[in-house]
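Presented below is the structure to which this report refers.
The values are calculated or read from the model by the stated rules, or taken from the named source; none is laboratory data. Please read these numbers as outputs of a predicted model, since none were measured by experiment. Here the Cβ positions follow ideal geometry from the backbone for every residue, glycine too, while neighbour counts run over all protein chains shown. Each accessible area value is taken on the protein alone, full model and side chains, heavy atoms only, with ligands, DNA and RNA left out. Shrake-Rupley method; radii C 1.70, N 1.55, O 1.52, S 1.80 Å.
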Amino acid sequence: MHTALSGHSRISGLEVYLPPARLDTPAVEQRIAESSPGFRVPKGLIGRVTGIRSRSVMAETEQASDLAANAAAKVMAECGLQAPEVDLLIFASASQDMVEPATGHMVAAKLGLACPVMDVKNACNSFLNGVEVADSLIATGRYARVLVATGESPSRAVRWKVPDFETFASSFPGYTMSDGGAAVLLEAADRERPNPDGAAGILSMAFTARSCHWSVGTLSAGGSAFPRDPEASYFSMDGEKLKDAFLDLGCEVLDQTLERLDLAWTDFAVVCVHQVSAPYRAIFAERAGVPTDLLVPSVEDFGNLASVSLPLQLKLAMDSGRCGPGDLVALVGLAGGVSLGMAVVRL
């Protein structure tokens, strides 16, 4: 387990971009049926298992970098930030435009940035890890202002032609996924003007992993293992084994973080938890001891947005008035590989 007391950076801006095109769950089942002669999805199965009603789908002309750039441009406009004022761009996503170069370059070019860039990748925890890297670099004094952006494009890896139920089951995660982008601006924390409840900033981050479970969920194409295999270009996952892998992670990293900060879940305005399905959100919250009224339901109407899930939930909570300046919020990330992470933030 890796933990770090922080407080060197604060969130100055947060924005999300969701493509306007929507695909509801009945339409997903219909498309599978139309693409798969001889195979039929049991009617309503995807909705019953996941609780997902709808998801966002990017346009054919869009790339992951476009989704990230759209969100980042909104943040820059919100903060009145000009391109020369960004010290570093981190593209932190499970998705990418290409294997080479880093997608951060595409995002920077679309934003007109001339700063250094890098990619951070750790499945659905990519954005949370990107924030960790940015916060750490700000703590060293290397950079004062870092833009962390993600663009998730999982719709490009969905298998629509399904020959049998076994293939359908292993491809199932793709039918839950949604496209979107998000971005945050992190700046050095202002110690001169703390709010009444304490200085705004990232108070602590902690992560753990059980990497022996990496093979339970993969998207294999494009790397050295499967450089050109079309069959490797679709999601493949064993749902039961993935659930067992997440259970193997335990909740110690969360409990220890709260104990170290002398906090309880009830001290938070909201607790954002990565959501792969509505039923698993409930299971995780019960195991972790998170009161359900602190959660921000998102997967039902927005699908599984991978690393965009946490910033989307925080944005929804802020826009609805559930949290604001001075409030404590928690961001809890789960990801294939498998890993678990947590950020404690005072807004």
Could you list, in sequence order, the residues of segment 28-43 that are open to solvent by less than 30 Å² (accessible area, probe 1.4 Å) and either in a helix (DSSP H, G or I) or under 26 Å from residue 313 (Cα atoms) (or both)? 28, 29, 32, 33
Restricting attention to segment 147-191, which residues are open to solvent by 10 Å² or more (accessible area, probe 1.4 Å) and either under 12 Å from residue 8 (Cα atoms) or of a type in the set (D, E, K, R) (or both)? 156, 159, 161, 164, 166, 187, 188, 189, 190, 191
Residues in segment 10-24: is at least one over 21 Å from residue 318 (Cβ atoms), in a loop (DSSP other than H, G, I, E, B), at pLDDT below 95 and not hydrophobic (A, V, I, L, M, F, W, C)? no
Search segment 87-103 for residues being closer than 10 Å to residue 121 by Cβ and free of Cβ contacts under 8 Å to residues at least 40 places away in the same chain, and hand back the single one that is least open to solvent (accessible area, probe 1.4 Å). 102
From 207, 168, grab the single residue that is touching a helix residue (DSSP H, G or I) at 6+ places or on another chain (Cβ under 8 Å), in a strand (DSSP E or B) and of a type outside the set (S, T, N, Q). 207
When you scan segment 317-338, how many residues do you find that are part of a strand (DSSP E or B) and either open to solvent by less than 10 Å² (accessible area, probe 1.4 Å) or over 25 Å from residue 121 (Cα atoms) (or both)? 7
Every pair of residues 6+ apart whose Cβ atoms lie under 7 Å, when the first sits in segment 293-315 and is touching a residue at least 12 places away in the same chain (Cβ under 8 Å) and of a type in the set (Asp, Glu) while the second is in a helix (DSSP H, G or I) and open to solvent by 10 Å² or more (accessible area, probe 1.4 Å): 300/278
Subset of segment 221-254 [open to solvent by 50 Å² or more (accessible area, probe 1.4 Å) and either more than 21 Å from residue 211 (Cα to Cα) or assigned to a loop (DSSP other than H, G, I, E, B) (or both)]: 224, 225, 227, 228, 229, 230, 231, 234, 238
Which number in (1) open to solvent by less than 20 Å² (accessible area, probe 1.4 Å); (2) of a type outside the set (Val, Ile, Thr); (3) more than 24 Å from the chain's Cα centre (by Cα) marks the one condition that residue 83 misses? (1)
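Would you mind stating whether residue 277 is touching a His at 6+ places or on another chain (Cβ under 9 Å), within 30 Å of residue 57 (Cα to Cα) and either small (Gly, Ala, Ser) or surrounded by fewer than 22 Cβ atoms within 10 Å (Cβ to Cβ) (or both)? Break it down into steps so the answer makes sense when it comes.
Details: touching a His at 6+ places or on another chain (Cβ under 9 Å): no; within 30 Å of residue 57 (Cα to Cα): yes; either small (Gly, Ala, Ser) or surrounded by fewer than 22 Cβ atoms within 10 Å (Cβ to Cβ) (or both): yes.
Here the answer is no, as residue 277 does not meet what is asked.
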Lone qualifier among 144, 139, 114, 109 - being over 22 Å from the mean Cα position of the chain (by Cα), more than 22 Å from residue 302 (Cα to Cα), open to solvent by 10 Å² or more (accessible area, probe 1.4 Å) and in contact (Cβ under 8 Å) with a residue 60 or more places away in the chain: 139
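Condition check ((1) in contact with a strand residue (DSSP E or B) (Cβ under 7 Å, 6 or more places away or on another chain); (2) among the small types (Gly, Ala, Ser); (3) farther than 18 Å from residue 153 by Cβ) across all residues:
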site	(1), (2), (3)
62	no, no, no
76	no, no, yes
83	no, yes, yes
101	no, no, no
104	yes, yes, no
109	no, yes, no
Within segment 265-273, can one find any residue that is more than 22 Å from residue 54 (Cβ to Cβ), modelled with pLDDT of 95 or more, over 18 Å from the mean Cα position of the chain (by Cα) and not in a helix (DSSP H, G or I)? yes
Hey, among the residues in segment 44-76 that are over 21 Å from residue 172 (Cβ atoms) and free of Cβ contacts under 8 Å to residues at least 40 places away in the same chain, which one's most open to solvent (accessible area, probe 1.4 Å)? 60
Residue 200 fails exactly one of the following numbered conditions: (1) hydrophobic (A, V, I, L, M, F, W, C); (2) modelled with pLDDT of 90 or more; (3) buried (at least 21 other Cβ atoms within 10 Å of the Cβ). What is the number of that condition? (2)
Qualifying residues in segment 274-300 (those that are in contact with a Gly (Cβ under 8 Å, 6 or more places away or on another chain) and of a type in the set (A, V, I, L, M)) - the one nearest to residue 127 (Cα to Cα): 299
